[in-house]
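Asks: Please read through the structure below; I'll follow up with questions.
Each value in this text was obtained by applying a stated rule to the coordinates, not by laboratory testing. These numbers come from a predicted model, not from an experiment. With ideal geometry, Cβ positions are generated from the backbone for all residues, glycine too; neighbour counts draw on all protein chains shown.
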Amino acid sequence: DQQVKQNSPSLSVQEGRISILNCDYTNSMFDYFLWYKKYPAEGPTFLISISSIKDKNEDGRFTVFLNKSAKHLSLHIVPSQPGDSAVYFCAAKLSIGNEKLTFGTGTRLTIIP
Amino acid sequence: DGGITQSPKYLFRKEGQNVTLSCEQNLNHDAMYWYRQDPGQGLRLIYYSQIVNDFQKGDIAEGYSVSREKKESFPLTVTSAQKNPTAFYLCASSRQRTDTQYFGPGTRLTVL
């Protein structure tokens, strides 16, 4: 049972435009969410996180939005750059005090020059 | 400079053999984790350790074993009991179990 879902396996976006990556979850007890970026044959790198008490968190070109009622979060990258081409994973925790991360299946983002 | 190292990057093993994957961190992190990634799937937790000499099973611990004798090291043994060992293995650590996890570069294990 996939509790964290990324329904788009791939996404292509023109350089300079906005990239929007989506993630849905089923467990309403999740209250902390993270996005990781992964290049081939490398470990994921942490990008940005959000706790359930917020609906938006911004860090430079990256913004994460959380809609708790819809159990949906999204990552916005603007403007998109060629170096953003990678696989993006969303992950969720049951609480800030819980160490276990549940990952989605990932979305491969390709930025077209 | 600080970080998480995993060795080797690529590992080949004959069916029926045990193999140990190395994970070392010099970040002074208390907690360490092992995940595996399969094509088209997210990362799945194998084992984690919050402190030296203590570890817990994750979602897919069968066929694996770990030890945590030192804070810096968390080796993973893939035993012959693991039915589908070919995968990309990722080690992670966090300052405390509540903090963001940071990942090593991974080891790709192929069973021939």
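Asks: Give me the one-decimal nm value for the distance between modelled label points at B:R95 and A:S12, 7 Å along each residue's Cα-to-Cβ direction.
Replies: 4.2
Asks: Also, I was wondering about something else. Return the percentage of antiparallel bridges among DSSP beta bridges fully within chain A, rounded to the nearest 5 %.
Replies: Values: 36 of 41 bridges.
If I count the DSSP bridges inside chain A, around 90 percent turn out antiparallel.
Asks: Please work out the C-alpha center-to-center distance from region A:46-72 to region B:18-87 and express it in whole Å.
Replies: After rounding, the separation between the Cα centres reads 29 Å.
Asks: What residues from region A:28-44 fall in the zone where the backbone N is under 12 Å from a label point 7 Å along the Cα-to-C-beta line of A:D59?
Replies: Once the point is set 7 Å along Cα→Cβ of A:D59, A:33-37 turn out to lie under 12 Å by backbone N, inside region A:28-44.
Asks: For region B:1-100, give me the percentage of DSSP beta bridges that are antiparallel, rounded to the nearest 5 percent.
Replies: Roughly 100 percent of the beta bridges in region B:1-100 run antiparallel, per DSSP.
Asks: Kindly provide the pair-distance distribution of the protein assembly as shown built from C-alpha pairs, with 10 Å bins from 0 and whole-percent values in order of increasing distance.
Replies: 8, 33, 35, 20, 4, 0
Asks: Between B:N53 and B:T77, what is 0.36 nm times their sequence separation minus the Cα-Cα distance? Round to one decimal in nm. Spell out each step's value before the answer.
Replies: Numbers: separation 24, 0.36 × 24 = 8.64 nm, distance 1.60 nm.
Roughly 7.0 nm would be gained on extension.
Asks: In region B:28-112, if every C-alpha pair distance is counted and binned at 10 Å from zero, what percent goes to each bin?
Replies: 18, 53, 25, 3
Asks: Right, another one. Could you work out Rg/(2.2 N^0.38 Å) for region A:1-107, with Rg from alpha carbons only?
Replies: Numbers: Rg = 13.1 Å, N = 107, 2.2 N^0.38 = 13.0 Å.
Region A:1-107 yields a ratio of 1.01.
Asks: Hey, if you put +1 on the Cβ of every Lys and Arg and -1 on every Asp and Glu Cβ in chain A, which of A:Q81, A:L109, A:Q6 ends up farthest toward the positive end of that dipole?
Replies: A:Q6
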